[in-house]
Amino acid sequence: MSLRIRILEKETIDQIIDEALGVLQDPGVRIHNEEALELLAEAEALVDREAQVAKIPEKLVRWALDQAPSDFDLYTLAGKPTCHYGGDAVQFDPGSAALTILDSESEEQRPPVTSDFVTFVKLVEVLPQLDAQSTAMICSDVPEEIGDLYRLYLALNYMCKPIVTGAFGKDTWWIMKEMLEVAVGGSEELASKRVAIFDVCPSPPLLWSDLTCQNLIDCARTWIPSELVSMPLAGAVAPVTLAGAVVQHTAECMSGVLISQLAQEGAPIVWGGSPAAFDMREGTPPMGDVGTWLIDCAYAEVGKALGMPTHAYLGMSDAKVVDAQCGLESAGGTIMAALTGINMVSGAGMLDFESCQSLEKLVIDAEIIGMTKRLITGIEIREKPIALSLIRDMGHRGEYLGHPHTMRWFKKELYFPSQILDRGSLDSWKSKGGKTAFERARDEVKSLVEKYEPSGLAPEVRDELRRIAERAADKYGMVKLPALPRE
Amino acid sequence: MVTDLLADIKENLINGDQERTVELTKIALENGIEPMTIVNSALAVGMQIVGDRYSTGEFFLPNLVAAGVTMQNALSILEPELQARHEEVQRVGKVVIGTVKGDIHEIGKSLVATMLSCNGFEVYDVGVDVPTEIFIAKVAETEADLLGLSALLTTTMTMQRQIIEELEKADLRDRVKVMVGGAPVSGEWAESIGADGYAEDAMAAVRLAKLLMQ
Ligand code: B12
C-alpha cells in the first residue's frame, strides 16, 4: 500500500476549478502569440486581437482536458520506457538551468563550465534515485546566446536516462529538436520513443509570452511532450492566499492545455509548475518555503482531479551553501511532493532560488529521495498474523538478529543509506576523519563519477550533434566548441 | 487642528489607507493648509517612518508598496495646487526602466520601479521584452537621468551591452547613467559592459540610483 496524503477537500478542488473557469471567461488570458490567438479564434474563443486577450468558454477547456492524454512514458536513449507520467507515479530529476555551480572546494558560487555539467550528467546517470536527467546548468565557456542548446548537446553525449529540458527562445527550440532527432534516429522515433520533455512557462498573471507560447505549440505539433511550468508567486503576481494562487495556477494551466490541444489533439502535456509564496521581507521567491510546498501539492491535486499527469519544482532550497537550512527545505519539499503523488519532481541539487546547482547537494538529495521513495511504500503486511505467532515463539527472548524471520525480511523492510548518512559510533566517525555530511558528499561525488559507464552513443551520432552545436556557436563567434571531457 | 490633520494624514499613509489619506488631504487643502506643508510635514515624514519600520523588520514589502501608492495618490491631489503656486515637489531624478529584448521576466524590474517611485524618482517603466530602439527613444524623449536594464537570462544579458553601445551611437551615453540588474548579472559583468552600476535587489537599487544622481 503506498502512502498518500490529500490536502484539499473535494469541494475545495471543485470550487478552485469553477473559479479558474470563471477567470478564463473573464478577464481571460493575455496571449502575445499570433498563432495561438488564431487557433483560439478559430475554436470560437472570444479573441480581442488588439488587446491580445482571449476569453475562453468552459466547453473549450473541457474539450481540451478530454483530448489531452492522462498517461504517457518517457524513454531512455536506448528506447526503454522508464518514466511514467500519470496516476500517482513519483519520479525525480534535478533542478534545471542553474546560473552558477557551488564549487566543491571553495564552497562559493561560480559560473559553471563544460566539465562541471558533464560531471553532473554522469552523476545523475549513476544515482539510482534519480529517474531522469535535466539540462541542469548553463555553461559559461560558450557564447551566452547558445547556453540553452549547448547543455542539451552535452547531456546527449553522456546520458541514457530521459531528460527534462527547455528552450530560452523560439529559434533555439528548433535546434534542440534537431539534436534530439539525431540522438534517437529521426522525427518519428522522437515522437514515439519520447526521450525529452520541454518546460514551457506561462507568465504570471495570466499571460502567454510569444516565445514560450511558440515552444508550447511547436512541441504539440511535433508530439514532443511539454510541461506547463506555471509560477504564481503568491502575494506578488498572484493572490496571496494559497488557494487563490492555486486558482490562478489552474487557469494558467488550463489555457496551456487548450493551446496545446488546439495545435495538436492528443499531444502529451503535463500539469506542472514552480510557484512560490513570495517572501514579504526580501522580495524573493522562496522555493523551499512551506507555503510553496502547499501551493505545489494543492495544484497537483487539482491536476489529478482533471485527469492530468503532474509535475512540480520541489525539493529545492534557498540556502547559499549545503547546510542545515538546505537539508530542512529540500527534505520537506521532496517528502510532500512524493506523498502527493506528483509524477515528476524537479529540483534535486538546487540552491538559492533555482540559481545554483551543487554536485554535493545532488548526492545528498538523492539520499533524501531514496528515503522518501521508501517512505511512500508505507508499511506492508508481510505475514498474517503479523507477528503474534513469531512473538509467542520467541517468548521473552530478544534474539531476533539471526532469526530466519529477520533474514527473510530485513532487506525488504529496511532502508539502507549510503555513506552520506553517518550511522556509526562517535569513535568510528572520528576515525574516518570526523567529516560533515557535505564532506562525505564530496567524497561520494568522486567515487560515484568513477562508476559512470559511457552511454554507447554511436560516433557518427556524436559527430552530427557536434556539427549542429558548432553551427549554432559559429553564429555567435565561436568556431570551435570546448573539447568534450573523456567518458 | 492643523497639526492634528497632518498627523492623521501621516498615520493613514503609514497604514497604507489610500482612501482615507486622499480624503484627509482634500480636507487639509479645504482648511487652507499649504500643499507643500502637507508634502513635507505629513507625506514625506510618513514615508520616512515606513522606511524605518521596514528596516527594523516591523514592516514588510506590502506595507512599503501600499504606502508608496498612497503617497502617489495624495500627490496627484496636491499637484494642481502646487502648480498654481509655481511650486514643485522635488523629484530625485528621472528613470527609464525595462526588461531587455528576448526576456519576459517582470517581477524584479517592477519591484525596482516601484521602490524607485516610492523614493521620489519619476519612473518610466517600458515593460518587458523591450527592443533596444525603445529604450533609446524613451531616454531621449524623457531626458532621463538614469536607465535601468533588467535581464534574468544568461541568453539575454548580452542585450545590456548592446543597449549601452547603441546609447553611445545615439550620443546619449554621456547624458544618462546606466544601471543593470537581474539574477545572472553581477558587479563584474556591469563593469565589463561599461555600465555605471549594478544592484542585487530593490533596496540596493534605490541606494545605487541615489548615488548615481549625486
Ligand atoms: C518567476 C520566474 C519566471 C516567471 C516570470 C514571471 C514574471 N511575470 O516576471 C516566468 C514563468 C515567466 C519565467 C519564465 C522563464 N524563465 Co524564469 N524564473 C523565474 C524565477 C523563479 C524568479 C524570478 C523572480 O521573479 N524573482 C523575484 C524578483 C523580485 O527578483 P529578481 O527578478 O532577481 O529581481 C531583483 C534583482 O535581481 C534586482 N533587479 C532586477 N532587475 C533589475 C534591474 C535593475 C536596473 C537593477 C538595478 C536591479 C534589478 O532587483 C530585483 C528586486 O529585488 C527565476 C529564478 C531566479 N533565481 O531568478 C527563474 C529564472 C530566471 N528563469 C529561468 C528560465 C530558464 C526561464 C525560461 C527560459 C523557462 C522556459 N524554458 O520557458 C522562461 C523565460 C522565457 C524568456 N525568454 O524570458 C532561469 C534562467 C536560467 C539562465 N541560465 O538564464 C531561472 C534562473 C530559473 C532556472 N534555474 O531555471 N520565469
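Here are the numbers for this structure:
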{"read-out": "FRET efficiency, 1/(1 + (r/R0)^6) with R0 25 Å, evaluated for B:Thr3 and B:Gln214 via beta carbons", "value": "0.15"}
{"read-out": "Set of aspartates and glutamates with alpha-carbon distance to B:Lys26 below 20 Å, sequence-local pairs under 8 removed", "value": "B:Asp4, B:Asp8, B:Glu11, B:Asp17, B:Glu34, B:Glu79, B:Glu81, B:Glu87, B:Glu88"}
{"read-out": "More than 13 angstrom apart: percent of Cα pairs within segment A:43-99", "value": "76"}
{"read-out": "Dipole of segment B:2-84, positive end: most advanced residue of B:Ser55, B:Ala74, B:Ala42 [Cβ charges, Cα centre]", "value": "B:Ser55"}
{"read-out": "Relative frequency of Cα-Cα separations exceeding 51 Å in the protein assembly as shown, percent", "value": "17"}
{"read-out": "In segment B:101-152, GluC sites (Glu not before Pro) in a DSSP loop with at most 12 other beta-carbon atoms within 10 Å", "value": "B:Glu143"}
{"read-out": "Shape parameters for segment A:66-185, alpha-carbon atoms, Rg then Dmax in Å", "value": "15.1, 52"}
{"read-out": "FRET efficiency, A:Glu383 to A:Asp66 (Cβ-Cβ, R0 45 Å, nearest 0.05)", "value": "0.50"}
{"read-out": "Hull shadow area, averaged, segment A:362-487 [alpha-carbon convex hull, nm²]", "value": "14.3"}
{"read-out": "Estimated inter-spin distance, A:Tyr476 and A:Val126, nm [label 7 Å along Cα→Cβ]", "value": "3.1"}
{"read-out": "Positive-pole candidate from A:Ala337, A:Leu262, A:Ser70, dipole of chain A, charges at beta carbon", "value": "A:Ala337"}
{"read-out": "DSSP bridge pairs, the protein assembly as shown: antiparallel proportion in percent, nearest 5", "value": "25"}
{"read-out": "Kirkwood Rh in Å, taken over all unlike Cα pairs in segment B:1-114", "value": "15.2"}
{"read-out": "Virtual spin-label span in nm between A:Ala51 and A:Glu399, 7 Å along Cα→Cβ", "value": "8.3"}
{"read-out": "Value of relative contact order over segment A:135-257, rounded to a whole percent, pairs C-alpha under 8 Å and six or more apart", "value": "19"}
{"read-out": "Euclidean distance between Cα centres, segment A:83-142 to segment A:216-231, Å", "value": "21"}
{"read-out": "Descending principal axes extents, segment B:148-214, alpha-carbon based, whole Å", "value": "33, 31, 16"}
{"read-out": "Segment A:380-434: chymotrypsin sites (Phe, Trp or Tyr not before Pro) in DSSP coil with no more than 15 other Cβ atoms inside 10 Å", "value": "A:Tyr400, A:Tyr415"}
{"read-out": "Accessible area per residue in Å² at 1.4 Å probe, computed on segment A:66-377", "value": "25"}
{"read-out": "Estimated Rh, segment B:93-212: Kirkwood, alpha-carbon pairs, angstrom", "value": "13.5"}
{"read-out": "Cα gyration tensor category, rounded, prolate or oblate, for chain B with a/c compared to 1.5", "value": "prolate"}
{"read-out": "Cβ-placed point charges (K, R +1; D, E -1), dipole of chain B about Cα centre in debye, nearest 20", "value": "260"}
{"read-out": "Tail weight of P(r) past 36 Å, computed on alpha-carbon pairs of segment A:66-377, percent", "value": "8"}
{"read-out": "FRET efficiency estimate (nearest 0.05) - Cβ-Cβ, B:Glu200 to A:Arg281, R0 22 angstrom", "value": "0.90"}
{"read-out": "Descending principal axes extents, segment A:338-413, alpha-carbon based, whole Å", "value": "58, 25, 17"}
{"read-out": "Fraction of antiparallel bridges per DSSP, segment A:66-377 only, in percent to nearest 5", "value": "25"}
{"read-out": "Filter on A:Lys177/A:Lys320; A:Lys361/B:Lys109; A:Lys304/B:Lys109; A:Lys55/A:Lys170; A:Lys193/A:Lys411 - keep pairs with C-alpha separation over 27 Å", "value": "A:Lys177/A:Lys320; A:Lys361/B:Lys109; A:Lys304/B:Lys109; A:Lys193/A:Lys411"}
{"read-out": "In Hz, Karplus ³J(HN,Hα) per residue of segment A:200-213 (6.51, -1.76, 1.60; θ = phi - 60°; x = Gly, Pro)", "value": "10, 10, x, 9, x, x, 6, 9, 10, 6, 3, 6, 5, 5"}
{"read-out": "Cross-link partners of A:Lys122 among aspartates and glutamates (Cα-Cα below 18 Å; sequence separation of 8 or more within a chain)", "value": "A:Asp93, A:Asp103, A:Asp131, A:Glu360, A:Asp365, A:Glu367, A:Asp443, A:Glu444, A:Glu450, A:Glu453, A:Glu487"}
{"read-out": "Inter-label distance for A:Lys432 and B:Val69, nm, one decimal - labels placed 7 Å from Cα along Cα-to-Cβ", "value": "5.5"}
{"read-out": "Length-normalised contact order for chain B - Cα pairs under 8 Å, 6+ apart - percent", "value": "16"}
{"read-out": "Antiparallel bridge percentage (DSSP; both residues within chain B; nearest 5)", "value": "0"}
{"read-out": "Whole-Hz ³J(HN,Hα) from phi, Karplus 6.51 cos²θ - 1.76 cosθ + 1.60, for segment A:434-441, glycine and proline x", "value": "x, 7, 7, 4, 4, 5, 5, 5"}
{"read-out": "DSSP loop trypsin sites (Lys or Arg not before Pro) with at most 12 other Cβ within 10 Å: longest gap in chain A", "value": "A:50-280"}
{"read-out": "Segment B:178-193 - phi-based ³J(HN,Hα) in whole Hz, Karplus 6.51/-1.76/1.60, Gly and Pro as x", "value": "10, 10, 10, x, x, 3, x, 7, 9, x, 4, 4, 4, 5, 5, 9"}
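The values are calculated or read from the model by the stated rules, or taken from the named source; none is laboratory data. What you are looking at is a predicted structure, and each value in this text was computed from that prediction instead of being measured. Cβ: placed from backbone, ideal geometry, glycine included. Neighbour counts: every protein chain shown. In case anyone asks, the SASA skips ligands and DNA or RNA and just uses the protein heavy atoms, side chains included. Shrake-Rupley method; radii C 1.70, N 1.55, O 1.52, S 1.80 Å.
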